[in-house]
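Please treat every number below as a calculation from the coordinates, not as lab data. Since we're looking at a predicted model, the values are computed, not measured. So basically every Cβ, Gly included, is an ideal-geometry build from the backbone, and we count neighbours across all protein chains shown.
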Amino acid sequence: MPVLKSSKKALKVSRRRKDENDILRKNLRNAVKALRASPTTASLKKVYSLLDRSAKKYVMHKNRAARLKSGFSKLVKPASKTSKKTARL
């Protein structure tokens, strides 16, 4: 246990941030599970938001968040793009 007053404060802050990060990770995991179960644009938007927030708060690296966003966008293809491709063929 910390002895100094500043160390006690640092421990308190560290625990609070850990709890906040754990909640963010849990929400992200649940949103990703929902996206994989039924890929919709609404669930994709929620996952994007959580990924951006976690990258902003340094819960994960920004490049990892970008890589995940790219992969999840491939799950949800907009109908307009696919219809244009089939129309050209």
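Structure data summary
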read-out	value
Label-point separation in nm, residue 76 to residue 53, each point 7 Å along Cα→Cβ	1.6
Highest-MSF residue in the chain out of 16, 36, 53 [GNM, Cα springs under 10 Å]	16
Gaussian network model of the chain, springs between alpha carbon atoms under 10 Å - residue of 51, 75, 35 with greatest fluctuation	75
Options 72, 31, 55, ranked by Cα towards positive dipole end of region 5-78, top entry (Cβ charges)	55
Charge dipole (debye, nearest 20) of the chain; +1 at Cβ of Lys and Arg, -1 at Cβ of Asp and Glu	160
Value at 222 nm in deg cm²/dmol, rounded to 500, when DSSP H runs of n ≥ 4 in the chain each add -39,500 (n - 2.57)	-28000 deg cm²/dmol
Approximate spin-label separation residue 19-residue 60, in nm, with each point projected 7 Å along Cα-to-Cβ	2.4
Calculated on alpha-carbon atoms, Rg and Dmax of region 5-78 in Å	15.0, 55
Of the DSSP H helices in the chain, those whose Cα atoms cover at least 18 Å axially and whose Kyte score averages -1.0 or more	41-56, 62-75
